[in-house]
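J.: Below you will find the structure I want to go over with you.
The values are calculated or read from the model by the stated rules, or taken from the named source; none is laboratory data. Bear in mind the structure is a predicted one, so any value in this text is a computation, not a measurement. Cβ sites come from the backbone with ideal geometry, for glycine too, and all protein chains shown count toward neighbours.
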Amino acid sequence: MKPKIVKNQDGTMRSLSNRHVQMIAIGGTIGTGLFLGSGSTISKTGPSVMLVYLILGLFFFFMMRAIGEMFYADPTQHTFVSFISRYLGPTIGHFTGWTYWIGLVFVCMAELTATATYVQYWLPSVPAWIIELVFLGILVSVNLIAARLFGEAEFWFAMIKIIAIIAMILTGVFMLINHSVTPLGHVSLTNISHDYTLFPHGIFNFIAAFPMVFFAFQGIEFVSITIGEAKSPHTVIKKAVNETLLRILLFYIGALVVIMIIIPWTSLSANSSPFVQVFKLAGFPAAAATINFVVLTSAASALNSCIFSAGRHFYQLATEVSKSSWMYKMFANISSSGVPAAAIAFTASLVLITPIMSLTTAISSVFTIVTGVSSDMYIIVYTLTLVAHRRYRASTDFLPNGFIMPWYKITSPLTILFFGIIFISLFFIPEDIVGAVGAICWTLIFGGIEFLRQGKTNLNNTN
């Protein structure tokens, strides 16, 4: 007999099971950055890339523990941004909510563009806009029907990524045990340690790898957005968050080790997927097509999660405005299937700009710049989340016996400082300067407008 699905007060359903949430957590941790971008990172830093992933993985784990602690205290919330509104005030909360939602819309657009690129590997004659419309239509439908269907889709998307990584790791272990020889030399652990230096291409390239890996981890917080619709939130929060670091070690570090024992890092091509290179050396002729399918499902998974997350965030924004406003009336409601359908549909309508962009290169250039800005804004959002957590700790909501962030007095300020350093490092990387400056301009202009708007609202309420 299936357990009864609990309905929340706002009409959403707690229909996501533990297996759904765990696979969503894995899917959020592993993105196309590993399958495609890791070759570029390895070429910059050599074996030291593992240290970069480990350091960033540790700080992302602390951030997830901070988010997890707040959700454990109040699992009824749909987004972590709601805690920023609660503990840092409505002005900062509203600014963060809009910023994060707009960032999600651009991520959705980027992932939709990527799906068209991967499908055209097999169907080069099919226009990109048709592929984009088909994928967007399917995944929006999945999100509109029920949260459980979204969870089921993410389960299988994540499973494909896991199978690909495990297959590559097992291939590497098999080749290592059998002392295989490739055109590039022997498969050996000495490929990692041979002539090892911490900064093979200088300290600048080592530091530049941190933002690259940071953006590879972006989206790791998506799992927290499922808590409001999970069947056993307290159990799920602990398991999903606690295993974050373990997943990073297993899937990222494990994959990187295997890549570098098969291919000496000095021989690794920065312009193609290291997974494709490994499977080709292992004698798998369909490597390129197989990995193209994996990155296609990875992009579709990211798009699916983005639609889910963006819909919940826009719904959250609608609930925080005046009940007499058009935004509240139109979007602060839940459909009979237990999802914020209007908020999801509105978000999807903005993502429809993507097929139009594929018809002209001028818009695409602007889109690339705006996407860079929105990605850099995530660093600010994450930092504000950690500051909100500190306020939570000082509030009456704090649960001393809850899901406590480990070594809080040290790890909290250290994580905030580390994210600040990551943001500052963007100004020393030529391709990231525009995005970093844009993120500051966005914060000053939109944050200033929001501050003035809130001040005007408070004045009217006083009068």
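J.: Condition check: surrounded by fewer than 19 Cβ atoms within 10 Å (Cβ to Cβ), of a type in the set (K, R), closer than 20 Å to G402 by Cβ and touching a residue at least 60 places away in the same chain (Cβ under 8 Å). Does R65 satisfy that?
T.: Numbers: surrounded by fewer than 19 Cβ atoms within 10 Å (Cβ to Cβ): no; of a type in the set (K, R): yes; closer than 20 Å to G402 by Cβ: yes; touching a residue at least 60 places away in the same chain (Cβ under 8 Å): yes.
No, not satisfied.
J.: Related question: Quick check on region 193-200. Is at least one of its residues at positive phi, at pLDDT below 85 and of a type outside the set (A, V, I, L, M)? Outline the logic, then answer.
T.: The first filter runs over region 193-200 and keeps only residues at positive phi, leaving 195.
Filter once more, so that each one left must be at pLDDT below 85: 195.
Adding the requirement that they be of a type outside the set (A, V, I, L, M) leaves 195.
Yes, region 193-200 contains a residue that is at positive phi, at pLDDT below 85 and of a type outside the set (A, V, I, L, M).
J.: With the condition kept exactly as written, say whether any residue in region 112-120 is of a type outside the set (V, I, T), over 29 Å from M23 (Cβ atoms) and more than 23 Å from the chain's Cα centre (by Cα).
T.: Residues of region 112-120 of a type outside the set (V, I, T): 112, 114, 116, 118, 120.
Going one step further and asking which of them are over 29 Å from M23 (Cβ atoms), we end up with none.
Scanning region 112-120 turns up no residue that is of a type outside the set (V, I, T), over 29 Å from M23 (Cβ atoms) and more than 23 Å from the chain's Cα centre (by Cα).
J.: Which numbered condition in (1) surrounded by 21 or more Cβ atoms within 10 Å (Cβ to Cβ); (2) farther than 24 Å from A240 by Cα; (3) among the aliphatic types (A, V, I, L, M) is the only one that I102 fails?
T.: (1)
J.: Please state which of the following conditions L123 fails to meet, knowing it meets all the rest: (1) of a type in the set (A, V, I, L, M); (2) part of a helix (DSSP H, G or I); (3) more than 30 Å from A394 (Cα to Cα).
T.: Single failed check for L123: (2).
J.: Now for a separate question. Does region 108-118 contain at least one residue that is over 17 Å from L296 (Cβ atoms) and either among the small types (G, A, S) or in contact (Cβ under 8 Å) with a residue 60 or more places away in the chain (or both)? Working first, answer last.
T.: Start the filter on region 108-118 by keeping residues that are over 17 Å from L296 (Cβ atoms), which leaves none.
The answer is no, given that none of the residues of region 108-118 is over 17 Å from L296 (Cβ atoms) and either among the small types (G, A, S) or in contact (Cβ under 8 Å) with a residue 60 or more places away in the chain (or both).
J.: Could you identify the single residue in G151, G172, G185 that is crowded, with 19+ Cβ neighbours inside 10 Å, in contact with a Ser or Thr (Cβ under 9 Å, 6 or more places away or on another chain) and in contact (Cβ under 8 Å) with a residue 60 or more places away in the chain? First the steps, then the outcome.
T.: Values: G172 fails: in contact with a Ser or Thr (Cβ under 9 Å, 6 or more places away or on another chain); G185 fails: crowded, with 19+ Cβ neighbours inside 10 Å.
Going through G151, G172, G185 in turn, just one is crowded, with 19+ Cβ neighbours inside 10 Å, in contact with a Ser or Thr (Cβ under 9 Å, 6 or more places away or on another chain) and in contact (Cβ under 8 Å) with a residue 60 or more places away in the chain: G151.
J.: Kindly indicate whether any position in region 6-20 is surrounded by fewer than 18 Cβ atoms within 10 Å (Cβ to Cβ), among the aliphatic types (A, V, I, L, M), more than 30 Å from L256 (Cα to Cα) and touching a Lys or Arg at 6+ places or on another chain (Cβ under 7 Å).
T.: Looking for residues that are surrounded by fewer than 18 Cβ atoms within 10 Å (Cβ to Cβ), among the aliphatic types (A, V, I, L, M), more than 30 Å from L256 (Cα to Cα) and touching a Lys or Arg at 6+ places or on another chain (Cβ under 7 Å), one finds at least one in region 6-20, hence yes.
J.: Let me ask another. Under the condition of being touching a helix residue (DSSP H, G or I) at 6+ places or on another chain (Cβ under 6 Å) and part of a helix (DSSP H, G or I), which residue from region 317-329 is farthest from I102 (Cα to Cα)?
T.: Checked region 317-329; the qualifying residue farthest from I102 (Cα to Cα) is Y328.
J.: Let me ask another. Against the definition (aliphatic (A, V, I, L, M), assigned to a helix (DSSP H, G or I), touching a residue at least 12 places away in the same chain (Cβ under 8 Å) and surrounded by fewer than 19 Cβ atoms within 10 Å (Cβ to Cβ)), how does I138 come out, yes or no?
T.: On the way: aliphatic (A, V, I, L, M): yes; assigned to a helix (DSSP H, G or I): yes; touching a residue at least 12 places away in the same chain (Cβ under 8 Å): no; surrounded by fewer than 19 Cβ atoms within 10 Å (Cβ to Cβ): yes.
It is false that I138 is aliphatic (A, V, I, L, M), assigned to a helix (DSSP H, G or I), touching a residue at least 12 places away in the same chain (Cβ under 8 Å) and surrounded by fewer than 19 Cβ atoms within 10 Å (Cβ to Cβ).
Per-residue answers, yes or no, for (1) touching an Asp or Glu at 6+ places or on another chain (Cβ under 6 Å); (2) more than 30 Å from H194 (Cβ to Cβ); (3) surrounded by 15 or more Cβ atoms within 10 Å (Cβ to Cβ):
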site	(1), (2), (3)
P264	no, no, yes
L268	no, no, yes
V276	no, no, yes
A282	no, no, yes
A300	no, yes, yes
H313	no, yes, yes
T319	no, yes, yes
M330	no, yes, no
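J.: What are the residue pairs meeting all of these: first residue in region 73-87, first residue aliphatic (A, V, I, L, M), second residue not in a helix (DSSP H, G or I), Cβ atoms under 7 Å, and 6 or more apart or on different chains?
T.: A73/D397; A73/L399; A73/G402
J.: Follow-up. Do we have any residue at all in region 222-233 that's surrounded by fewer than 20 Cβ atoms within 10 Å (Cβ to Cβ) and touching a strand residue (DSSP E or B) at 6+ places or on another chain (Cβ under 9 Å)?
T.: First, the residues of region 222-233 that are surrounded by fewer than 20 Cβ atoms within 10 Å (Cβ to Cβ): 231-232.
Narrowing further to those that are touching a strand residue (DSSP E or B) at 6+ places or on another chain (Cβ under 9 Å): 231-232.
The answer is yes; a qualifying residue exists.
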